[in-house]
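Just so you know, all these numbers are worked out from the coordinates, no wet-lab data involved. From a predicted model like this one, the values you see are computed outputs, not experimental measurements. Cβ atoms come from the backbone with ideal geometry, glycine included; neighbour counts cover every protein chain shown.
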């Protein structure tokens, strides 16, 4: 009983409870869980193989056999959209992880070191951010030989790390002036130890908020590249590629565009709402006082 009471108390005072205490947090969390469940259990949930072609049933409308209809090759649209959730997470999460890892490492180094190192890394951040992300992604993908999941993930990660780097740099510069950091320096601690033990833990809070709100940006960005024929390679069922295929038949068979857009909206709203709830939960200035709850 004591263990259960501790778990309940931990939940009520923990991050998850603060996120789920708001309507937007609950909605965002629910939508994200929905997408994750689809991605994990896609083979069990999807009624057909996403690559199964049935040309005799091409561009069929929604029916009991195909709830969302079929595409121009007769493939079940619902199955392709369900498997497309895997691609959305497979692309966006590693890309965000690359951006966050590189941004934290370089931003922490710049903010703590200052001087020449700070100026050099700021130059790197500004140089990368000077390129329009879409044009940068198209150029790199074309130079590397076209659609490739690994290249797509790396390119999307590179377009995001300058933002995280600047954010962490500002936080690190503030933390580096705190008394506990100065005391650690006076005690003879090495720079890596100071960065890992003091600067890093106190500077990354806002990064998680931005990362949560950047995931829908990456999903939409990847879908846009797929729409241009440069994202997820066929026959992998990415949402953007499904949207691109449906655009050619939008007058006669609009369901490919409609249903793929709905899935994109669900993922975008889910991560956006969760990011806002996470921001409110982590920022003490935005929390409601107990008397007002």
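Computed over the alpha carbons of the stretch 87-165, Rg followed by Dmax gives 13.5, 42 Å. Reported value for the stretch 34-182: 145 Å³ per residue, from the convex hull of its C-alpha atoms.
Among 33, 91, 175, sorting on how many other beta-carbon atoms sit within 10 Å of each Cβ, with the fewest leading, yields 33, 175, 91. With the convex hull of its Cα atoms as the shape, the stretch 30-110 has an orientation-averaged projected area of 7.0 nm². The alpha carbon radius of gyration of the stretch 207-288, expressed as a multiple of 2.2 N^0.38 Å, is 1.37.
Counted residue by residue at 0.36 nm each, then reduced by the alpha carbon distance between them, the extension gain from residue 131 to residue 41 reaches 28.6 nm. Take 136-144, 260-268 and order them by the average number of nearby Cβ atoms within 10 Å per residue, most first; the result is 260-268, 136-144.
In terms of surrounding Cβ atoms within a 10 Å radius of their Cβ, 76, 118, 126 rank from fewest to most as 126, 118, 76. Sorted fewest first by neighbouring Cβ atoms within 10 angstrom, 182, 117 come out as 182, 117.
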